[in-house]
Amino acid sequence: MTGEFAFLDDAVAAQLQAAGVRAADVEERFVRGAGPGGQKINKTSSTVWLRHGPTGIEVRCQRERSQARNRALAWLELAGRIAGAADAVRAEKRQVREQARRRTRQKSRAQKARMVETKRRRTKQKTQRGRVADE
(Lines give C-alpha, C1' and ligand atoms only; values in the text may rest on other atoms or scores of the structure.)
Protein backbone atom coordinates (compact mmCIF):
# COMPACT_ATOMS: atom_id res chain seq x y z
CA MET A 1 0.00 0.00 0.00
CA THR A 2 1.33 3.43 -0.86
CA GLY A 3 0.86 6.50 1.25
CA GLU A 4 1.89 7.54 4.71
CA PHE A 5 1.58 3.99 6.12
CA ALA A 6 3.45 2.22 3.30
CA PHE A 7 5.65 0.39 5.83
CA LEU A 8 2.64 -1.42 7.37
CA ASP A 9 0.29 -4.22 6.34
CA ASP A 10 -2.69 -3.11 4.28
CA ALA A 11 -5.09 -4.18 7.05
CA VAL A 12 -3.29 -2.15 9.74
CA ALA A 13 -2.97 0.87 7.43
CA ALA A 14 -6.69 0.67 6.68
CA GLN A 15 -7.50 0.56 10.42
CA LEU A 16 -5.34 3.62 11.06
CA GLN A 17 -6.90 5.55 8.19
CA ALA A 18 -10.40 4.57 9.33
CA ALA A 19 -9.57 5.87 12.82
CA GLY A 20 -8.34 9.14 11.29
CA VAL A 21 -4.73 8.74 12.40
CA ARG A 22 -2.02 10.57 10.53
CA ALA A 23 1.58 9.34 10.59
CA ALA A 24 2.73 12.89 11.39
CA ASP A 25 0.73 12.80 14.65
CA VAL A 26 2.57 9.72 15.91
CA GLU A 27 5.98 9.92 17.55
CA GLU A 28 7.94 6.72 17.02
CA ARG A 29 11.09 5.70 18.90
CA PHE A 30 13.20 2.58 19.04
CA VAL A 31 14.51 2.01 22.55
CA ARG A 32 16.36 -0.67 24.46
CA GLY A 33 14.22 -3.33 25.98
CA ALA A 34 13.85 -4.30 29.60
CA GLY A 35 13.38 -7.55 31.45
CA PRO A 36 14.95 -10.97 30.96
CA GLY A 37 17.31 -11.52 28.07
CA GLY A 38 20.71 -10.76 29.50
CA GLN A 39 23.37 -8.91 27.59
CA LYS A 40 21.56 -8.99 24.24
CA ILE A 41 18.51 -7.06 25.44
CA ASN A 42 20.78 -4.30 26.80
CA LYS A 43 22.57 -3.86 23.47
CA THR A 44 19.79 -3.82 20.87
CA SER A 45 17.01 -1.27 20.42
CA SER A 46 14.30 -3.66 19.32
CA THR A 47 11.55 -2.21 21.53
CA VAL A 48 9.19 0.15 19.70
CA TRP A 49 7.55 3.05 21.52
CA LEU A 50 4.71 4.98 19.85
CA ARG A 51 2.85 8.04 21.14
CA HIS A 52 -0.20 9.51 19.41
CA GLY A 53 -0.05 13.25 20.07
CA PRO A 54 -3.73 14.29 19.86
CA THR A 55 -5.00 11.54 22.19
CA GLY A 56 -1.87 10.98 24.30
CA ILE A 57 -2.13 7.20 23.85
CA GLU A 58 1.22 5.44 24.29
CA VAL A 59 2.15 1.96 23.11
CA ARG A 60 5.33 0.06 23.90
CA CYS A 61 5.99 -3.28 22.22
CA GLN A 62 8.81 -5.74 22.90
CA ARG A 63 7.08 -9.07 22.25
CA GLU A 64 9.35 -10.25 19.45
CA ARG A 65 13.10 -10.19 18.93
CA SER A 66 12.72 -8.42 15.59
CA GLN A 67 12.42 -4.64 15.55
CA ALA A 68 10.36 -4.76 12.33
CA ARG A 69 7.87 -7.22 13.83
CA ASN A 70 7.63 -5.19 17.03
CA ARG A 71 7.00 -2.09 14.94
CA ALA A 72 4.11 -3.74 13.10
CA LEU A 73 2.63 -5.06 16.36
CA ALA A 74 2.95 -1.65 18.03
CA TRP A 75 1.16 0.11 15.16
CA LEU A 76 -1.58 -2.54 15.23
CA GLU A 77 -2.06 -2.06 18.98
CA LEU A 78 -2.09 1.74 18.57
CA ALA A 79 -4.80 1.46 15.90
CA GLY A 80 -6.88 -0.73 18.21
CA ARG A 81 -6.54 1.60 21.19
CA ILE A 82 -7.43 4.69 19.18
CA ALA A 83 -10.47 2.94 17.70
CA GLY A 84 -11.47 1.78 21.19
CA ALA A 85 -11.16 5.30 22.56
CA ALA A 86 -13.30 6.66 19.72
CA ASP A 87 -15.91 3.95 20.35
CA ALA A 88 -15.98 4.82 24.05
CA VAL A 89 -16.60 8.50 23.26
CA ARG A 90 -19.44 7.59 20.89
CA ALA A 91 -20.96 5.25 23.47
CA GLU A 92 -20.80 7.95 26.15
CA LYS A 93 -22.57 10.46 23.88
CA ARG A 94 -25.24 7.88 23.03
CA GLN A 95 -25.76 7.11 26.72
CA VAL A 96 -26.18 10.81 27.57
CA ARG A 97 -28.77 11.17 24.77
CA GLU A 98 -30.66 8.09 25.98
CA GLN A 99 -30.72 9.34 29.57
CA ALA A 100 -32.11 12.69 28.45
CA ARG A 101 -34.74 10.93 26.31
CA ARG A 102 -35.81 8.73 29.22
CA ARG A 103 -36.05 11.72 31.55
CA THR A 104 -38.27 13.77 29.25
CA ARG A 105 -40.54 11.11 27.75
CA GLN A 106 -44.26 10.89 28.58
CA LYS A 107 -45.38 8.51 31.28
CA SER A 108 -47.64 5.68 30.22
CA ARG A 109 -51.24 5.53 31.42
CA ALA A 110 -50.45 2.54 33.66
CA GLN A 111 -47.44 4.33 35.12
CA LYS A 112 -49.53 7.39 35.92
CA ALA A 113 -52.17 5.19 37.59
CA ARG A 114 -49.51 3.49 39.75
CA MET A 115 -48.08 6.86 40.71
CA VAL A 116 -51.51 8.20 41.78
CA GLU A 117 -52.25 5.01 43.73
CA THR A 118 -48.94 5.27 45.57
CA LYS A 119 -49.65 8.89 46.46
CA ARG A 120 -53.10 7.98 47.80
CA ARG A 121 -51.67 5.16 49.91
CA ARG A 122 -49.01 7.49 51.30
CA THR A 123 -51.62 10.14 52.10
CA LYS A 124 -53.73 7.60 53.96
CA GLN A 125 -50.72 6.54 56.04
CA LYS A 126 -49.91 10.13 56.93
CA THR A 127 -53.48 11.00 57.93
CA GLN A 128 -53.58 8.07 60.34
CA ARG A 129 -50.71 9.54 62.28
CA GLY A 130 -51.76 11.42 65.33
CA ARG A 131 -50.16 13.82 67.72
CA VAL A 132 -47.90 12.36 70.33
CA ALA A 133 -49.74 12.57 73.66
CA ASP A 134 -47.91 13.66 76.80
CA GLU A 135 -47.94 10.97 79.45
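What ³J(HN,Hα) values, in whole Hz, does the Karplus curve 6.51 cos²θ - 1.76 cosθ + 1.60 give for segment 48-55 when θ = phi - 60°, with x put for Gly and Pro?
10, 10, 10, 9, 8, x, x, 9
For an R0 of 41 angstrom, estimate the FRET efficiency from the Cβ-Cβ distance between Glu4 and Glu98 and round to the nearest 0.05. Intermediate values should be presented prior to the final figure.
Values: r = 37 Å, r/R0 = 0.91.
The value I calculate is 0.65.
For segment 81-94, what does the Karplus curve 6.51 cos²θ - 1.76 cosθ + 1.60, with θ = phi - 60°, yield as ³J(HN,Hα) per residue in whole Hz, taken in order and with x for Gly and Pro?
With the stated coefficients, segment 81-94 comes to 5, 5, 5, x, 5, 5, 5, 5, 5, 5, 5, 5, 4, 4 Hz.
Residue farthest toward the positive end of the dipole of the chain, with Cβ of Lys/Arg at +1 and Asp/Glu at -1: which of Gly37, Ala72, Gln17?
Working it through, the farthest residue towards the positive pole turns out to be Gln17.
So I have (i) 32, 19, 12; (ii) 61, 23, 11; (iii) 19, 19, 14, and one of them is semi-axes √(5λ) of the Cα gyration tensor in Å calculated from this model. Which one is it?
Correct label is (ii).
Residue by residue through segment 33-45, what is 3J(HN,Hα) from phi via Karplus (6.51 cos²θ - 1.76 cosθ + 1.60, θ = phi - 60°)? Round to whole Hz and write x for glycine and proline.
x, 9, x, x, x, x, 4, 4, 5, 7, 9, 9, 9
Keeping the other protein chains in place, figure out the carbon and sulfur percent of the accessible area of the chain, with a 1.4 Å probe. Provide the component values of the computation, followed by the final result.
Working: 5020 of 10480 Å².
Accessible surface attributable to carbon and sulfur in the chain totals 48 percent.
Calculate the spin-label point distance for Arg121 paired with Ala83, positioning each point 7 Å from the Cα along the beta-carbon direction, and give it in nanometres.
My value for the distance between the label points is 5.1 nm.
In nm, give the distance between the simple-model label positions of Arg65 and Phe30, each being 7 Å from the Cα along the Cα-to-Cβ direction.
1.7 nm
For a paramagnetic label modelled at 7 Å from the Cα of Arg90 toward its Cβ, which residues of segment 25-56 fall within the zone defined by backbone nitrogen distances under 20 Å?
Backbone N within reach: 54-56.
The values are calculated or read from the model by the stated rules, or taken from the named source; none is laboratory data. Because the structure is a prediction, the values reported are computed rather than measured. So basically every Cβ, Gly included, is an ideal-geometry build from the backbone, and we count neighbours across all protein chains shown. For accessibility, only protein heavy atoms count, side chains too; no ligands or nucleic acids. Shrake-Rupley method; radii C 1.70, N 1.55, O 1.52, S 1.80 Å.
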